[in-house]
Structures are given as C-alpha cells and as structure tokens.
Amino acid sequence: MLTLTCPCCGISAEETELAPGGEAHLKRFGPGSSDDEFESYLFARKNPKGVHFERWRHAYGCGKWFLAARDTVTLEVFGTYKAQTPYPTPEIVAAIQAKRPDWKPDWHQPSVNTTTTPAESLTE
Amino acid sequence: MAEALARITQLQDLGMIQIRADLAALGDVIAKAVGVAIPAQTSVSTNGNRSLCWMSHDELLLVLPKPEAVAATAALTDAFGSSHSLALDVSDMRAAFSIDGAKALHVLQKLCPADLASMPQDGMRRTRAAQVACGIWRREGGYVLIGFRSVGDYLRGLLQGAARPGTQLDPR
C-alpha cells in the first residue's frame, strides 16, 4: 500500500484517497513546436525501474495536486512536495541520495531563481 | 439480540455554507462575519452552535442551524464585497449523519482508510466512506459524517450495515 503525505494539508493519505496524474515535471510543447517535440511531450514517458517523480491529487481530501518522489520497484517514498515546483527540490534530491547513493539527477536545473513566477502565484 | 455498535441518525437540521476565498487575506473578514475563529489546518473551530471546518487552503465549511443559513450566507456575501470569493448555501446538497455510541469509531474504521483513532478532538478529516467522499468530525459522544445528498441512501445503508450488532472490531 502506498501512503503519501499531502504537502498542502499535511494529511497522510492512503493510495485510494489519491488520484494518480502520471509523470511530473513534463515540459509542454504546444503550438509552434516541432512534430518530434510534440510527439515526445504527448507520448514519451520515462517509465523507470527505480526513482520516479509523479503527480498525485488528494482527490478525497483537500483536492490539491502535489508531486511525489518514490521508487517504482520498492514503493519506497522519498518525499512529497508542492506542485508549483519546476524541479525536484534540493531536500528531495538529498533524501533520494541518502538512500540511493548512486542515483544522479537527470535534469539540468537553470540558475536558481527565487522570485515567484506569475504562474506560481496564480496556483498557490 | 445484541446492541448495535452505534446509533446512526440522519441530521436534518444542519445548515452548511461553503466558503471559498483566500483565507490568508480574507480570514479576518470571514471570522468577523460568521462569529467563529478561523480554524487551524485540518481542524474545526466552534463558537456556540456554529462551527467552521477547514476543508482546504482556500475552502471552509460553516456548519450552523439550518434556519440561520440564508441570513449567514447573505452576511458573508456582504462582508466579502467585491473580493474574489464565494459563499454558497449547500445545506440541501449534503446528507449528514451522527454516529453515536462507545463503538462509533469501529463503524467508521470499517469504512474509511483514515487513522480516525488519532484524530484530535477538534479534528476534521476529509476522506472516503467505502466508495463516496465524506467529511468527518467529532461531536459529543460520537462523530458527524457528511456526504453528498445524492449518495445519502448509500451512506445510510453503509453506516447501518457497519453498525450491525456483534460486528465490533475487538476480538470477541
């Protein structure tokens, strides 16, 4: 059984109280993008055996979306964090590396930007 | 015949007002308009016969006697003015049940995937009861469970089934 703590309301919710939302941190390629980019945005998913970042919604609770880092093999949960996060937070990365020393982030985070973007302030 | 685990009663006189607003900005306005303090996260605050339940970061539920609901909705709407917010009388949208008795917790534990035993005295838990969404808080001698009226018959059947005599969770 998967139990995730919703970062919005702090309740530890069991899997059946949540609605899954697939892979997290997808970058949208919409109008103006190439066919390859659009196809990859629509269909290409990582489907890893190991550390995975996912979207979940606390459907039978506060109703908010949030993100979770977990292991798809062991079902171990490394942490949950807010949906308004462009990349997994340093705390999440540290929690994963504490358990999986070989694991490396596979994204290249642009220079840390502490200001809130308009999109973030809208969804807060 | 053994006794049922709990008394299940449908509460007909419970008025409910859904409040959606930016609680950080409008919390004081709401507290003043309804006369109840803003509850902490996942809890209920009570003043007399009115309670404010925390539903999410931008949603509260005001529970009050049904005859007061219309006036309270109007008072809230007035207090909000032009700010981005909503006060809606949802009394007729909901079915509410009281689950009273020493083994009331057993009834809920059969139906909800939530740790209700450790819920604080003033706690509010939104979860599901079997297949439908519900909200649960404590009252004197038991619990109150609310759900949608469209599934009210289902909820009543569920609760009465879970309260059948001799079905307690303790070992016999």
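Values in this text are rule-based calculations from the coordinates and carry no lab data. Note that the structure is predicted; figures quoted are calculated from it, not measured. Virtual Cβ from ideal backbone geometry, glycine too; neighbours counted across all protein chains shown.
Here are some notes:
- Local net charge near B:Gly35, Cβ-Cβ under 12 Å (Lys/Arg +1, Asp/Glu -1): +1
- FRET efficiency estimate (nearest 0.05) - Cβ-Cβ, A:Ala98 to A:Asn47, R0 22 angstrom: 0.35
- Each of B:Ala102 and A:Val77 was given a label point 7 Å from its Cα along the Cα-to-Cβ line. The distance between the two points is 3.5 nm.
- Here the mean projected area of the convex hull built on the C-alpha positions of region A:3-123 is 8.8 nm².
- Selected from A:Pro48, A:Pro86, A:Pro31 as most flexible by GNM, with chain A as the system and alpha-carbon contacts under 10 Å: A:Pro31
- Using a Förster distance of 22 Å, the FRET efficiency for B:Thr9-B:Ala37 (Cβ separation, nearest 0.05): 0.20
- Computed [θ] at 222 nm, helices only, for chain A once each DSSP H run of length n ≥ 4 contributes -39500 (n - 2.57): -5500 deg cm²/dmol
- Averaged over peptide A:15-26, the number of partner chain Cβ atoms lying within 10 Å of each residue's Cβ comes to 1.
- For the residues of A:56-63, the average number of beta carbons from a partner chain within 10 Å of their own beta carbon is 5.
- Take B:40-49, B:153-162 and order them by the average number of nearby Cβ atoms within 10 Å per residue, most first; the result is B:153-162, B:40-49.
- When Rg and the Kirkwood Rh are both derived from Cα coordinates, the Rg/Rh ratio for the protein assembly as shown amounts to 1.03.
- Working from label points 7 Å from Cα in the Cα-to-Cβ sense, the A:His108 to A:Asp35 distance is 2.7 nm.
- Of the GluC sites (Glu not before Pro) in region B:1-97, the ones in a loop by DSSP (not H, G, I, E or B) with at most 12 other beta carbons within 10 Å are B:Glu3.
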